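Undergrad: Quick one: this structure, given as structure tokens, is what I'll be asking you about.
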Amino acid sequence: MSELAIDLARIQFAFTVSFHIIFPAFSIGLASYITVLEALHLKTRDHQYLELSKYWTKIFAVTFGMGVVSGIVMSYQFGTNWGVFSDKTGPVLGPLMGYEVLTAFFLEAGFLGIMLFGRNRVGENLHFLATATVAFGTLLSATWILAVNSWMQTPAGFAYNELGQFVVTSWFEVIFNPSFPYRLVHMVIAAYLTTAFVVAGVGAWHLLRAPHNQLARISFSMGMWMAILVTPIQIVAGDLHGLNTLEHQPMKVAAMEGHFETQKGAPLILFGIPNEETETIDYKVAIPYLGSLILTHKIDGEIKGLDAVPKEERPPVAIVFWSFRIMVAIGFLMLAIGLISVWLRRKKTLYETPWFLKLCVWSAPCGFVAILSGWITTEVGRQPYTVYGLLTTAESVSPIDASAVGASLAVFVVVYFAIFGAGIYYLLKLMRKSPSKYEQDMDVRVVTRLSHGQLGKDKNGNPVVAPLGPEDPQSGEER
């Protein structure tokens with residue numbers, strides 16, 4: 001099979017998985033967020049949490065549907081472009097994919113109807129149980145899929161049969177392979193942070209237009225609490241994941257860090273331009289010895305470089321080097337935003353600082369960029385293997401012509417941008433609608449309620465307009 005066909009097949013799968021991953025990641029975090037909102041409503045009887053739950057449930061429904069559709073397409077590619085891979089790994093990965101459908105997807109689909117359409121048909125407790133079950137189903141689905149991917153990164157618990165296929169010798173070792181716990185924790189936290197910044201960004205967008213929008217304040221506040229509490233945990237989890245990768249996939253770490261040579265007391269390269277021809281990092285900015293200290297916890301610890309393996313066994317350095325730095329930079333941006341939010345909250349100006357609200361609006365999609373960068377680091381860093389160290393990408397491709405792969409790739413690009421572009425546009429349209437029914441004519445209502453002595457203050461001393469119920473003649477129609 002030609003190199004062009006292999007490259008086109010890789011590009012096609014990378015393109016489809018990039019579209020797919022953003023939707024499950026968002027739905028994982030959003031389902032859990034909606035569950036928290038419903039739990040808060042049941043505990044406090046505060047109707048605002050219920051309104052927010054309804055608002056985000058609509059967005060979740062669209063996100064979930066787009067995730068399902070984009071995932072189905074990927075399954076077909078295993079048979080069309082990656083038939084040899086499917087044949088070799090089928091006895092191991094096939095059952096895991098089946099378990100994902102049986103235990104997770106069916107669970108989600110079974111209770112999704114109650115979550116979306118049963119709010120006024122079943123009791124509050126049952127609806128909360130259905131929502132929590134959907135959230136659990138999304139986590140369980142992620143668990144199976146990450147078990148599959150982790151086994152491809154750090155294969156364990158297998159043997160070969162007479163046909164050269166991987167067969168299971170221990171399901172426990174297959175599922176709980178060496179990188180699985182780290183990858184699961186890192187990905188799930190990433191999904192939660194991604195959702196938190198979207199929720200905060202939407203809240204900030206509406207606060208810029210109506211500073212007294214109570215539901216927008218709640219969304220923004222909850223997103224910022226998530227940022228400051230969870231981002232440090234994610235940084236620690238990422239560091240532990242990196243140490244695990246160093247143990248099992250040292251060439252991936254060498255590409256991430258830009259180390260072409262094995263050395264003791266390796267520096268931490270902050271920036272630079274990888275040059276694979278000269279095997280150097282041009283124009284690099286580095287901190288001496290810090291690379292070894294971080295990775296080995298010894299100032300003179302030895303770090304394996306790319307020179308430890310032949311060139312044909314090395315991953316593409318530039319892609320891995322830069323995608324890793326984008327992911328890390330976004331992680332520290334999230335931490336900085338969380339710290340600023342604490343400072344503004346102490347000053348009691350969290351909701352009235354326009355520059356910070358604008359920063360949060362622009363930062364809303366940063367979680368998706370971080371997830372994509374992380375997956376690029378993970379998958380490209382595994383090259384030239386599909387099953388690390390055992391099955392190469394070139395050996396995994398179906399015997400198919402480059403023209404056929406190129407034609408299907410062109411179709412995918414056109415269809416995906418049309419369908420999912422429309423879907424993302426609709427999601428943004430839903431988010432543009434205020435989570436509150438009470439934003440319209442806010443200034444008029446402030447004056448009206450002030451004249452009737454109905455303008456109160458929140459715990460921070462900020463003016464609050466009492467929510468208008470559906471019976472209020474000024475409430476108007478939902479926007």
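The values are calculated or read from the model by the stated rules, or taken from the named source; none is laboratory data. Remember, it's a predicted structure, so these values are computed and weren't measured experimentally. Please note: Cβ atoms are built from the backbone with ideal geometry, for glycine as well, and neighbour counts cover all protein chains shown.
Undergrad: Taking the stretch 298-323 as the region of interest, how many residues are farther than 24 Å from residue 391 by Cβ, at pLDDT 90 or above and touching a helix residue (DSSP H, G or I) at 6+ places or on another chain (Cβ under 8 Å)?
TA: So the answer is 1.
Undergrad: Could I ask something else about it? Out of all the residues in the stretch 43-61, which are among the β-branched types (Val, Ile, Thr) and surrounded by fewer than 18 Cβ atoms within 10 Å (Cβ to Cβ)? Explain how you work it out, then say what you get.
TA: We begin by selecting, within the stretch 43-61, every residue among the β-branched types (Val, Ile, Thr); these are 44, 57, 59.
Residue satisfying the conditions is 44 alone.
Undergrad: Those residues that are touching a residue at least 40 places away in the same chain (Cβ under 8 Å) and either outside any helix (DSSP H, G or I) or within 21 Å of residue 220 (Cβ to Cβ) (or both), I need them from the stretch 305-330; list them, please.
TA: Within the stretch 305-330, 305, 309, 314, 315, 316, 330 meet the criteria.
Undergrad: Report, by residue number, each residue of the stretch 355-381 that is in a loop (DSSP other than H, G, I, E, B) and under 17 Å from residue 187 (Cα atoms).
TA: Keep residues of the stretch 355-381 that are in a loop (DSSP other than H, G, I, E, B), which gives 364-365.
Of everything in the stretch 355-381, just one residue is in a loop (DSSP other than H, G, I, E, B) and under 17 Å from residue 187 (Cα atoms), namely 365.
Undergrad: Select from the stretch 266-299 the residues that are surrounded by fewer than 17 Cβ atoms within 10 Å (Cβ to Cβ) and in a loop (DSSP other than H, G, I, E, B) and list them in ascending order.
TA: Residues satisfying the conditions are 276, 277, 278, 279, 288, 297, 298, 299.
Undergrad: Give the stretch 412-427 a look and list any residue that's of a type outside the set (A, V, I, L, M) and either under 21 Å from the mean Cα position of the chain (by Cα) or under 15 Å from residue 22 (Cα atoms) (or both), or say none.
TA: Of all residues in the stretch 412-427, those of a type outside the set (A, V, I, L, M) come to 412, 416-417, 420-421, 423, 425-426.
Listed by number, the residues that qualify are 416, 417, 420, 421, 423, 425, 426.
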